[in-house]
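The values are calculated or read from the model by the stated rules, or taken from the named source; none is laboratory data. Owing to the predicted nature of the structure, the values given are computational and were not obtained by experimental measurement. When we count neighbours, we look across all protein chains shown, and the Cβ atoms used for this are built from the backbone with ideal geometry, even at glycine. These accessible areas exclude ligands, DNA and RNA; they are computed on the full protein's heavy atoms, side chains included. Shrake-Rupley method; radii C 1.70, N 1.55, O 1.52, S 1.80 Å.
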Amino acid sequence: MTGTWPVLTVYGSDRAVAVDHAGPRASCVFRLPDDAAGHAVHYAGGRFLTSWTSDEPFGDLAFWDDRPEDVFEPEHKIGLRPYGGIIQGGYGFQFDTPDGGGRHDGERVLRPGGKDMSTAI
């Protein structure tokens, strides 16, 4: 599970659902490469970002659900981990942007199609 408050993203090995207090917001299906050892899925601005790793502690590669063939290496990998104790930016939490078009961690904004979470807020 990952969070972009007020949305929680619940995911398994091939699908994800974003839910909030009113119910499901969106869902997607995805396919991970065979060598994926761990993965996380984040909801941002109506899209899902799937990241995975084969040997690093955070997502070393990622893709957006509407462009799974466009695999990239994120610049700021720490923001792509599931919730679990690492505190950075917004005290380890990610928040929906006021316009609902992305997620921010207190330092950077990630919008659909973004590849580095480097847009300052």
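With respect to the conditions (1) part of a strand (DSSP E or B); (2) at pLDDT below 90, Asp35 falls short on a single one, namely (1). Taking the stretch 12-25 as the range and being open to solvent by 30 Å² or more (accessible area, probe 1.4 Å), within 18 Å of Arg67 (Cβ to Cβ) and assigned to a strand (DSSP E or B) as the test, only Arg15 passes.
It is to be established whether one or more residues within the stretch 42-51 are free of Cβ contacts under 8 Å to residues at least 24 places away in the same chain and open to solvent by 30 Å² or more (accessible area, probe 1.4 Å). No, the conditions are met nowhere in the stretch 42-51.
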